[in-house]
Amino acid sequence: MKTTEQLSNLGRIYEFFSELLNYLTNLNFENEGNIMIQKIDHIGIAVQSLEKALPFYRDILKLQLLGIEEVESEKVKVAFLKVGETNIELLEPTAVDSPIAKFIEKRGEGIHHIALGVESIDQRIKEIKEKGIRMIQDVPKAGAHESMVAFMHPKSTVGVLYEFCEKKGMKK
Ligand code: ZN
């Protein structure tokens, strides 16, 4: 049996922690000037042929194939495979002048880009440009899976091609 005094102490401790929790939850981590990256949305991998690459991912690694679609603006056919919260995006060029065809010609098949999941992509682009980072697209364009995407220039990012990627319905 707890005494009344013990109970009221517990009550105060409880109040203290719920106020602390409230305070921490309300802290605004999205301060001005901070670029909010939510997760690695996907890793883009350039392949010569989806047909040849897919068996490794689907049958050997046993990754779930979420779908295949063509992104005309990029002249690629894209296969998405689920890896937990992140996807692997296999990119097959559909034309000789596709950026992916040029990439493979120059550097061979392999990792092409890393996509960072963001909200409010226009705002993110604005912020990062203010920090002196060059974008390949200043205005986001339509990517696969009804997303809006924009790439940073690898000269600004120590050699990695990063993509900002905002999924429709990602805003909560
Ligand atoms: Zn991508």
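The values are calculated or read from the model by the stated rules, or taken from the named source; none is laboratory data. Since this is a predicted model, take the numbers as computed values, not measurements. Using ideal geometry, Cβ is built from the backbone for each residue, glycine included, and neighbour counts are taken over all protein chains shown. For accessibility, only protein heavy atoms count, side chains too; no ligands or nucleic acids. Shrake-Rupley method; radii C 1.70, N 1.55, O 1.52, S 1.80 Å.
Given the structure, is residue 92 surrounded by fewer than 16 Cβ atoms within 10 Å (Cβ to Cβ), among the charged types (D, E, K, R) and either modelled with pLDDT of 95 or more or assigned to a strand (DSSP E or B) (or both)?
The answer is no for residue 92.
Just to be sure before I move on: is residue 150 modelled with pLDDT of 95 or more and among the hydrophobic types (A, V, I, L, M, F, W, C) in the structure I sent?
Considered against the rule, which asks whether it is modelled with pLDDT of 95 or more and among the hydrophobic types (A, V, I, L, M, F, W, C), residue 150 comes out as yes.
Can we say residue 106 is open to solvent by 50 Å² or more (accessible area, probe 1.4 Å), assigned to a helix (DSSP H, G or I) and farther than 16 Å from residue 44 by Cα?
In short, yes.
Exactly one of (1) within 12 Å of the ligand (Cβ to nearest atom); (2) farther than 21 Å from residue 168 by Cβ; (3) out of contact with any strand residue (DSSP E or B) (no Cβ under 6 Å at 6 or more places or on another chain) is unmet by residue 45. Its number?
Residue 45 satisfies every listed condition except (3).
Check 83, 47, 96 and return the single one that is of a type in the set (Val, Ile, Thr) and more than 22 Å from the chain's Cα centre (by Cα).
Unique residue meeting the criteria: 96.
Considering only residues that are within 11 Å of the ligand (Cβ to nearest atom) and touching a helix residue (DSSP H, G or I) at 6+ places or on another chain (Cβ under 6 Å), look in the stretch 90-100 and name the one that is farthest from residue 140 (Cα to Cα).
So, considering only residues that are within 11 Å of the ligand (Cβ to nearest atom) and touching a helix residue (DSSP H, G or I) at 6+ places or on another chain (Cβ under 6 Å), the one farthest from residue 140 (Cα to Cα) is 90.
Would you point out the residue of the stretch 59-77, among those that are assigned to a helix (DSSP H, G or I) and more than 13 Å from the ligand (Cβ to nearest atom), that is nearest to the chain's Cα centre (by Cα)?
Taking the candidates together, the pick is 72.
Restricting to the stretch 118-145, give me the number of residues that are more than 13 Å from the ligand (Cβ to nearest atom), part of a loop (DSSP other than H, G, I, E, B) and either open to solvent by less than 20 Å² (accessible area, probe 1.4 Å) or basic (Lys, Arg) (or both).
Result for the stretch 118-145: 2.
Checking the conditions here, which among 80, 151, 56, 103 is more than 21 Å from residue 36 (Cα to Cα) and within 12 Å of the ligand (Cβ to nearest atom)?
None of the others qualify; the one that does is 80.
Quick one: residue 115 ticks every box in (1) at pLDDT 95 or above; (2) outside any strand (DSSP E or B); (3) open to solvent by less than 70 Å² (accessible area, probe 1.4 Å) bar one, so which box is it?
Going through (1) at pLDDT 95 or above; (2) outside any strand (DSSP E or B); (3) open to solvent by less than 70 Å² (accessible area, probe 1.4 Å) one by one, residue 115 breaks only (2).
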